[in-house]
Amino acid sequence: MSVIASAPGKVILFGEHAVVYGRPAIAVPVTQVRATAAIDPAPPDSGLTIVASNLKKSIALSSAPEDEPLAAATRFTLDRLAIPVPDVIITIHSTIPIASGMGSGAAVSTALVCALASFSGSPLSAQEISALVFEVEKIHHGTPSGIDNTVIAHEQPVYFVRQQLPKKVRLTVGAPFTLLIADTGQSSPTKRVVGRVRQAWQRQKARYEVLFDQIGDIVDEARRAMETGDSKALGSLMDENHDLLIELGVSSSKLNKLVDAARAAGALGAKLSGAGQGGNMIALVEEEFADEMTEELKEAGAARVICTRVQQQN
Ligand code: PMV
């Protein structure tokens, strides 16, 4: 029997980087882009093959290195399900931009884990899926906070604190709001940027701890603004968070240009999202102006703009 599973992309709204150092962060799923994993039976004794269609790559599980992320996700899941390696072909496809802060790695792993669990007839809880994907994230990123696997596996807005109990992640969205996600077109591997922040933190611990505290305070205020549906306050908090990310040294001239263009076009607030030094920025906009603002961002150099609506999930 064939099965298919999918997982959304995500953006971090507040708190990136500081979240690695124990402060809270807020992230939301982006359902307009998704990763899918399809499992089809293969001839007896052919083993398990993973076909990554975007990367034009085919991986035989039996000979894949331990740190190959897709193979690792598969092995962790088969171990957890306590089932032998099935004879199957797993085809992975994703419309989530790679290395741009939208969680493509975690989404691909999540789709793969869900598909395997459903293929085996033992569906896993969102929390169990998140925990398995976290193990794969460690291979991608070194010291991930765990926010990507959490928001993607739960597929709902989350208020996340590293190592906090999963039941506390749920976030109330008092009123829906519209976000534009604009890509600089510059890929930015999370591991490299997180490594640079770590080096800077090691050199200037006191200064960085203060910046992380300030970001943490913004996240808590943003949580309240989201709960009460105060989009004006949310926009200002995005602006403040962006300024602190500049101070952390993770913005770039292209990110700043897009942030400035969004603000000049009337966005309620704008900031970089994710690791920074490339990747995406986000702008909080009034829905009726979303198309117009999308054009403004493209004129300012955005390689692609995704519009998403953030709302309470059931
Ligand atoms: O670039 P992204 O969205 O995959 O995430 C990076 C978020 C960081 O806070 C910089 C790192 C982390 O593990 O949380």
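Nothing in this text is a laboratory measurement; each read-out follows from the coordinates by a stated rule. All figures in this text were calculated on a predicted structure; none of them were measured in a lab. Note that we place each Cβ from the backbone using ideal geometry, even for glycine, and neighbour counts take in every protein chain shown.
Worth pointing out:
- In this calculation the C-beta distance from Met1 to Glu299 is compared with R0 = 45 Å, giving a FRET efficiency of 0.35.
- P(r) of the range 186-307 over all Cα-Cα pairs, binned every 5 Å from zero, in whole percent: 2, 11, 20, 21, 20, 14, 8, 3, 1, 0
- For the range 85-137, the fraction of alpha-carbon pairs lying more than 17 Å apart is 41 percent, rounded to a whole number.
- Equivalent ellipsoid semi-axes, the range 1-92, via Cα gyration tensor eigenvalues times 5, rooted, Å: 31, 16, 12
- The alpha-carbon positions of the range 43-89 define a convex hull whose volume is 75 Å³ per residue.
- Efficiency of FRET from Cβ geometry, Gln199 and Asp87, R₀ 41 Å, rounded to 0.05: 0.30
- The simple spin-label model puts a point 7 Å past each Cα toward its Cβ; for Gln312 and Ile246 those points are separated by 3.6 nm.
- At 0.890 mPa s and 25 °C, Stokes D of the chain from Kirkwood alpha-carbon radius, µm² per second: 124 µm²/s
- Note on the chain: GNM, Cα springs under 10 Å; of Gly146, Gly229, Gly101, the largest mean-square fluctuation is that of Gly229.
- Taking only the Cα atoms of the range 230-278, the ratio Rg/Rh comes out at 0.96, with Rh defined as the Kirkwood radius.
- Counting only alpha carbon atoms, the long axis of helix 290-299 and the longest principal axis of the chain meet at about 90°.
- Remark: for residue pairs Lys10/Lys138; Lys57/Lys254; Lys57/Lys298; Lys191/Lys271; Lys57/Lys191, the C-alpha separation exceeds 29 Å in Lys57/Lys254; Lys57/Lys298.
- Cα gyration tensor shape of the range 260-314, rounded if a/c is under 1.5, else prolate or oblate by comparing a/b with b/c: oblate
- Kirkwood hydrodynamic radius over Cα pairs of the range 127-220, then Stokes diffusion coefficient at 4 °C and 1.567 mPa s, in µm²/s: 83 µm²/s
- Seen from a random direction on average, the alpha-carbon convex hull of the range 171-229 projects onto 5.7 square nanometres.
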